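Peer 1: Below you'll find the structure I mean.
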Amino acid sequence: MKKLIYLSLALVCTVGFAQNPDEEDKKDWGRLTGGFESIVQWYNDDTSLGKFAEEEHVRSNNYLKLDYNYGNWFAGMQIESYAPMPLLNYSPKLDDSGVALYYAMYRSKKLEVTVGHFYEQYGSGLILRAWENRPLGINNAFRGARVKFDPSNSVSLSAMYGRQRDGFDVSNGDIYGFNSEFDLSKLLKLESSTVSAGFSYVGRKEDIPEEFQNGEFDELTNSFSARLDYSGESFYSGIEYIVKDKDIIVNSQRFIENFVENGSALLLNFGYFKQGLGIDATFRRLENMNFFSEREAAGNVFNENIVNYLPGLTKQHDYLLTNIYVYQAQAAITVPDPSLLKYGEIGGQIDVFYNFEKGTPIGGKYGTKVAVNAAYWAGLKGDFNFTDRDANIDYFGFGQKYFSEFSLEVRKKWSRKWQSIFYYVNQYYNQRFITDQRGVVNSNIGVVESTYRINSKQSVRAELQHLWTQDDNGSWAGATLEFNVTPRLSFYVNDIYNYGNDVEDEQIHFYNAGGSYARGATRFAINYGRQRGGLICVGGVCRFVPQSTGLTVNITTAF
Amino acid sequence: MKSIMSFVAVFLLFTIQATAQKEIPNVEVKNLDGTSLNMNQITQEKGVKILSFWATWCVPCINELDAINEVYEDWQDETNVELIAIATDDSRTKKRIKPLINGKGWEYKILLDDNQDLQRALNITTIPHVIVIKDGEIVFRHTGYFPGAENQLYDVVKKNSK
């Protein structure tokens with residue numbers, strides 16, 4: 001019943017506020033804009049994967065977002081409906097329909113005040129980030145109040161209080177935040193470069209269960225961040241340092257008695273660029289930096305109640321077989337057994353982009369573009385005592401290797417009609433330490449992609465992929481064929497095949513076929529096929545999905 | 001099932017009732033050097049502009065911007081159009097933007113929308129997404145990129161720059 005009321009409310013709004021061109025001149029009623037997204041999946045039984053064992057074969061996630069603006073005033077809401085159930089492996093807390101987010105905001109040149117839900121990010125997000133990512137099922141917006149104030153062009157301040165969205169409710173922890181950003185360029189009389197600094201505070205207050213109230217840690221956990229960034233004509237660099245107060249260690253949603261630790265993070269970044277060349281290097285060290293608005297949410301599989309953003313700093317790939325073994329940041333202290341002690345991670349990555357110009361031997365007629373990435377991540381080095389829960393950590397030491405990767409991408413246009421991408425990846429993936437499975441996976445992946453333009457509107461794209469490994473499930477082969485009928489209408493088929501699996505029954509084809517049509521801000525896509533089980537990752541954050549077979553229909557639009 | 005139907009009903013009513021979003025919300029974005037900028041500083045300028053939402057990890061986005069880059073000089077000579085590439089990379093991949101655009105030799109103006117505030121305000125769910133504005137008003141939007149879409153985009157630019 002409740003949802004019907006909300007929906008009628010939405011209808012009244014539409015009728016009431018929708019712009020009517022005839023009336024536009026007479027009176028300004030403000031503007032109503034919004035977006036709608038619906039994903040419907042129909043899961044069916046599959047001879048290879050087995051019967052679909054869950055409830056509800058047809059499920060859908062639906063999002064309707066409405067924003068209204070009149071002068072300096074803004075208001076809006078997001079209605080979500082997961083009916084009859086959320087898609088596979090979304091949080092069961094979402095099994096409902098109704099208003100998920102709402103806000104009212106006043107904004108002038110110097111002042112902005114928001115009441116209700118809001119998204120936020122301080123610095124790079126290492127200390128605080130509230131964001132939405134629907135494919136990952138993440139929406140950790142704060143519900144509360146926020147004031148932003150810019151006293152001058154070079155200073156901005158912001159303060160907030162809120163509780164994080166958790167399903168259709170909010171979490172139990174109170175979050176207090178303060179952020180400041182200073183542009184120091186004018187002060188330092190810089191003309192062709194900029195220097196900026198930032199300071200943030202984030203506090204999380206949550207009741208402690210009685211049996212753990214021994215004074216070793218507080219209800220309120222404080223964290224502080226300081227940042228300095230320089231950006232010049234051909235060089236840039238940045239540093240960010242974070243400290244987090246001591247807090248109890250939580251593993252598998254359980255408090256570990258008498259195990260209380262501080263946390264810290266250090267992020268360093270350097271870059272150099274000129275026409276045709278760019279280099280970037282990043283170093284990061286995380287120690288006990290996972291931060292949740294509810295202590296017991298630590299390590300939850302649905303990415304709920306996360307206060308800060310700790311992406312895996314590796315190259316984000318865009319091909320099916322390059323996304324099987326994805327590194328995720330290992331920021332937490334976890335001590336499941338004496339052979340698996342983790343206190344954090346240390347490592348970095350380097351990117352180089354180079355353009356061989358037109359007319360040079362390698363550049364050819366159209367130029368050749370090359371991108372190289374190398375990443376290395378390890379556990380912190382130290383002496384860990386499992387029984388005493390004690391660690392002696394060497395600050396810049398590299399411990400157990402978790403992950404390394406080297407990738408090379410070459411983009412080449414052969415003629416007006418032909419162009420290709422060559423992609424090679426070498427990976428080392430320590431499954432024991434990253435996903436708590438057995439063993440290490442050493443793999444090589446190769447991808448060749450070519451596009452042929454038939455005429456000014458039509459084109460064909462083909463992709464061949466292969467993953468070579470002796471480890472885990474063995475080798476994979478894959479292919480994609482895409483036919484673009486017009487720039488709006490496209491069809492594709494793809495298949496990845498785990499032919500190297502030792503278990504013959506698991507040598508499965510994960511095939512998919514579908515099409516999409518886009519016009520204006522509307523896109524309609526339909527897909528039938530088999531989904532590989534595993535991690536779905538966006539921006540270094542991952543969600544586990546089980547394998548399934550079925551039909552997916554996706555509609556998105558903006559108005 | 002019932003609520004799906006209600007959603008579809010609401011959705012249909014919206015597409016019939018509401019005319020398309022005409023304005024770019026005045027959201028704060030960042031320049032490449034980290035300084036802030038409000039979108040109305042861009043929409044207040046006269047002329048035709050292309051806003052292209054992309055990310056360093058999005059292959060079709062880069063294909064589109066590479067394809068336009070090859071003809072961008074001609075486009076600018078003929079129509080004076082400006083392309084503003086708005087990167088939606090978050091802190092995981094944001095540091096790759098500067099080296100990437102230099103490595104590629106792109107001449108576009110680049111803006112950062114690193115917590116996707118502008119993307120969300122425009123209800124963009126998938127990238128690449130291009131928006132053409134004329135004197136600050138939206139005249140065209142398109143999601144996705146397939147080879148040849150740049151020609152269609154240029155037709156829109158030419159039509160609006162007369």
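The values are calculated or read from the model by the stated rules, or taken from the named source; none is laboratory data. Quick caveat: nothing in here was measured; it's all calculated off a predicted structure. Positions of Cβ are backbone-derived with ideal geometry, glycine not excepted, and every protein chain shown enters the neighbour counts. These area figures cover heavy atoms from the full protein model, side chains too; ligands, DNA and RNA do not enter into them. Shrake-Rupley method; radii C 1.70, N 1.55, O 1.52, S 1.80 Å.
Peer 1: Residues with beta-carbon under 11 Å from that of residue B:65, excluding residue B:65: net charge, scoring Lys, Arg +1 and Asp, Glu -1?
Peer 2: -4
Peer 1: Region B:78-114 to region A:111-138: how many Å between their Cα centroids?
Peer 2: Cα centroid of region B:78-114 versus Cα centroid of region A:111-138: 23 Å apart.
Peer 1: Further, regarding this structure: When you look at the Cβ of every residue in B:27-35, what mean number of other chain Cβ atoms sits within 10 Å? Can you show the working numbers first?
Peer 2: Working: counts 1, 5, 0, 0, 2, 3, 13, 12, 7.
Mean shielding count: 5.
Peer 1: So, one more: With the full set of protein chains in place, find how many percent of the accessible area of region A:320-373 is carbon and sulfur; take the probe as 1.4 Å.
Peer 2: 62 percent
Peer 1: For region A:66-140, just say rounded, prolate or oblate: build the C-alpha gyration tensor, square-root its eigenvalues into a ≥ b ≥ c, call rounded for a/c under 1.5, and beyond that prolate if a/b exceeds b/c, oblate if not. Let's see the in-between values first.
Peer 2: Numbers: a/c = 3.55, a/b = 1.51, b/c = 2.36.
The shape class here is oblate.
Peer 1: Normalised by the residues of chain A, what does the relative contact order come to in percent, with Cα pairs under 8 Å and at least six apart? Spell out each step's value before the answer.
Peer 2: Values: 1443 pairs, mean separation 53.6, N = 559.
It comes to 10 percent, rounded to a whole number.
Peer 1: Could I ask something else about it? Chains A and B: what accessible area do they bury, summed, in square angstrom to the nearest 100, with a 1.4 Å probe?
Peer 2: Summing both sides, the interface buries roughly 6700 Å².
Peer 1: Still on this structure: Which helices count as membrane-span-like in chain B under these terms: full DSSP H, at least 20 Å along the axis by C-alpha, Kyte-Doolittle mean of 1.6 or more?
Peer 2: Span-like helices in chain B: B:2-17.
Peer 1: Placing unit charges on C-beta atoms (Lys and Arg positive, Asp and Glu negative, everything else neutral), compute the dipole magnitude of the protein assembly as shown about its Cα centre in debye, rounded to 20. Kindly include the intermediate steps, with their values, before the conclusion.
Peer 2: On the way: 73 positive and 88 negative charges, 440 e Å.
Using only the charged Cβ atoms, the result is roughly 2120 debye.
Peer 1: ³J(HN,Hα) across region A:335-346 via Karplus (A = 6.51, B = -1.76, C = 1.60, θ = phi - 60°), whole Hz, x for Gly/Pro?
Peer 2: 9, x, 7, x, 8, 9, 10, 10, 10, x, 9, 9
Peer 1: Enter the per residue convex hull volume of chain B, computed from alpha-carbon coordinates, in Å³ rounded to the nearest integer.
Peer 2: 137 Å³
Peer 1: Which whole-number percent is the relative contact order of region A:222-274 (Cα, under 8 Å, 6+ apart)?
Peer 2: The value is 37 percent.
Peer 1: Let me ask something else. In whole Hz and in residue order, list the ³J(HN,Hα) couplings for region A:30-37 that follow from phi through the Karplus curve 6.51 cos²θ - 1.76 cosθ + 1.60, θ = phi - 60°; x for Gly and Pro.
Peer 2: x, 10, 10, 10, x, x, 9, 9
Peer 1: Share of Cα-Cα pairs in chain A beyond 43 Å, in percent?
Peer 2: When every Cα pair of chain A is considered, 26 percent fall beyond 43 Å.
Peer 1: Using the Cα gyration tensor of region A:415-465, with a ≥ b ≥ c the square roots of its eigenvalues, what is the shape: rounded (a/c below 1.5), prolate (a/b larger than b/c) or oblate (neither)?
Peer 2: Prolate, because a/c is 1.5 or more and a/b exceeds b/c.
Peer 1: So how do A:291-298, A:528-535, A:369-376 stack up, highest first, on mean other-Cβ count within 10 Å?
Peer 2: Ranking the peptides A:291-298, A:528-535, A:369-376 by packing returns A:291-298, A:369-376, A:528-535.
Peer 1: Oh, and also: Could you tell me which of A:316, A:272, A:348 has its Cα farthest along the dipole of the protein assembly as shown towards the positive end, charges placed at Cβ (Lys, Arg +1; Asp, Glu -1), taken about the Cα centre?
Peer 2: A:272
Peer 1: For region A:453-559, which semi-axes, largest first and in whole Å, follow from the square roots of 5 times the eigenvalues of its Cα gyration tensor? Please report the intermediate quantities before stating the final value.
Peer 2: Values: eigenvalues 174, 67, 31 Å².
They are 29, 18, 12 Å, listed from largest to smallest.
Peer 1: Let me ask something additional. Keeping the other protein chains in place, figure out the carbon and sulfur percent of the accessible area of region A:108-310, with a 1.4 Å probe.
Peer 2: In region A:108-310, the share of accessible area belonging to carbon and sulfur is 54 percent.
Peer 1: Ordering A:488, A:254 by how much accessible area each has at a 1.4 Å probe, largest first, what is the list?
Peer 2: Final ranking, largest accessible area leading: A:254, A:488.
Peer 1: Moving on. Need one value for A:483-493: mean number of C-beta atoms belonging to other chains within 10 Å of its residues' C-beta atoms.
Peer 2: Mean inter-chain Cβ contacts per residue within 10 Å come to 3.
Peer 1: Taking every DSSP beta bridge that has both residues in region B:23-160, what percent is antiparallel when rounded to the nearest 5?
Peer 2: Once the DSSP bridges in region B:23-160 are tallied, antiparallel ones form about 65 percent.
Peer 1: Normalising by the residue count of region A:108-310, find the relative contact order in percent from Cα pairs under 8 Å and 6+ residues apart.
Peer 2: So the answer I get is 17 percent.
Peer 1: How would you classify region B:66-128 from its alpha-carbon gyration tensor, with a ≥ b ≥ c the square roots of the eigenvalues: rounded for a/c under 1.5, else prolate if a/b is greater than b/c, otherwise oblate?
Peer 2: Oblate is the answer for region B:66-128, as a/c is 1.5 or above yet b/c matches or exceeds a/b.
Peer 1: Taking H placed 1.01 Å from N in the peptide plane, check which residues at least 5 places from residue A:251 or on another chain put their amide H under 5 Å from its amide H.
Peer 2: Those qualifying (amide H under 5 Å, at least 5 residues apart or on another chain) are A:256.
Peer 1: Please list B:126-135, A:203-212, A:270-279 highest first by mean number of surrounding beta-carbon atoms within 10 Å per residue. If you can, show how the numbers build up before the last one.
Peer 2: Numbers: B:126-135: 21.3, A:203-212: 14.3, A:270-279: 18.1.
Descending packing order for the listed peptides: B:126-135, A:270-279, A:203-212.
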